[in-house]
């Protein structure tokens, strides 16, 4: 358990906090509790005892700002963001409720809002590159596309806002081309639907999912993108840094777990749900409705639009009834991927592609008008010359 060094296991952390597993994960994703792999079993995590003691004593601030003021002394960064926040438990993009926005908005609309674009022109009529990125998966093609642009594009330092926003449109357009393949200059969700060979009416579900996933309050990806932008790297490099952090984040892990589990549960919903819950005490993709970070509205908005067949609907309804938990966005994405017969990683691909918009938005926000990210590195290693 490594408690003598200030790190404890999940069961002990839950006991001390008196919360459910999903709430613990939320605290970790928001940077309220530090976590690290267990040296004895890398599949498990250990949690900082001091952070748990602080939260257990009542310091459970749920302020929706990106990071807490005065956090530099705890090794955190202080960031001021104009993009997203949570109001009354609902995620908002620049003041607009995301669940409501998803009813009609496109990913282009979200990009214009999060990037501060005053007209649709930067996102219209862009042509694909001739030297298209190739790769076995959407994830590989997306990362390769950003890596290539990061090596080719100029640094952000000293550039005006208009040129950076125009470049942002080019980067996003190229990412979508890398994922879907070049073709007619349709809307982003239509191009992805064409790449997945969907029937036309199902493209609207892709649109909704992209809007709902375009940004979040997860700190590590946001911080990675902003810190890279502050260093003056190319815009694509900042997006790449954020995506790399996203791939190791709790929301990505939960989406992958939910996707695998939904495939299994679809064959025998009742039996799989009972067996999983008995073994672990929770279900992949379900969240505690009492958690301050639940944001149930996004998941409900997507599930209600999906028109699920009976076998998929049974998974979330029986899971909700048996656990008392509610579907989270990772589960909604996993159900959508199966509803649309997407590849096995389809839910992860949707999350990855959509989040490019938010990460570019954070990079622009930082480069154009962001205050410096204040950090303080405190050395805690061996005293020089002691050995």
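For the pair residue 231 and residue 137 in one chain, pulling the backbone fully straight at 0.36 nm per residue adds 30.8 nm over the alpha carbon distance. Overall shape: oblate for segment 289-329, with the ratio a/c of the largest to smallest alpha carbon gyration tensor axis at 1.5 or above and b/c at least equal to a/b. FRET efficiency for the residue 152 to residue 300 pair, using the beta carbon distance and R₀ = 41 Å, is estimated at 0.45. Multiplying the residue separation of residue 322 and residue 44 by 0.36 nm and subtracting their alpha-carbon distance yields 97.5 nm. Multiplying the residue separation of residue 341 and residue 378 by 0.36 nm and removing their Cα-Cα distance gives an extension gain of 8.4 nm.
Mean-square fluctuation check for the chain, GNM, Cα pairs under 10 Å: which of 137, 163, 249 is largest? Result: 163 has the largest fluctuation of those listed.
Each of residue 97 and residue 313 was given a label point 7 Å from its Cα along the Cα-to-Cβ line. The distance between the two points is 2.4 nm.
Could you calculate the FRET efficiency of residue 82 with residue 279 from 1/(1 + (r/R0)^6), where r is the beta carbon distance between them and R0 is 35 Å, rounded to 0.05?
So, using R0 = 35 Å, E works out to roughly 0.20.
Given the peptides 351-363, 101-113, arrange them by the average over their residues of other C-beta atoms within 10 Å, most packed first.
Working: 351-363: 27.4, 101-113: 20.1.
Packing order, densest peptide first, comes out as 351-363, 101-113.
Shape class of the chain from the Cα gyration tensor (axes a ≥ b ≥ c, square roots of the eigenvalues): oblate, since a/c reaches 1.5 or more and a/b does not exceed b/c. Using a Gaussian network for the chain with springs between C-alpha atoms less than 10 Å apart, which of these wobbles most: 89, 232, 271? Of 89, 232, 271, the Gaussian network model singles out 271 as fluctuating most. With a Förster radius of 30 Å applied to the beta-carbon distance between residue 197 and residue 144, the computed FRET efficiency rounds to 0.85. Mean residue ellipticity at 222 nm, helices only, the chain: -16500 deg cm²/dmol; runs of at least 4 DSSP H residues each add -39,500 (n - 2.57), and the sum is divided by the number of residues.
Each value in this text was obtained by applying a stated rule to the coordinates, not by laboratory testing. Here the structure is a predicted model, which is why all the values come from computation and not from measurement. Note: ideal-geometry Cβ built from the backbone for every residue, glycine included; neighbour counts use all protein chains shown.
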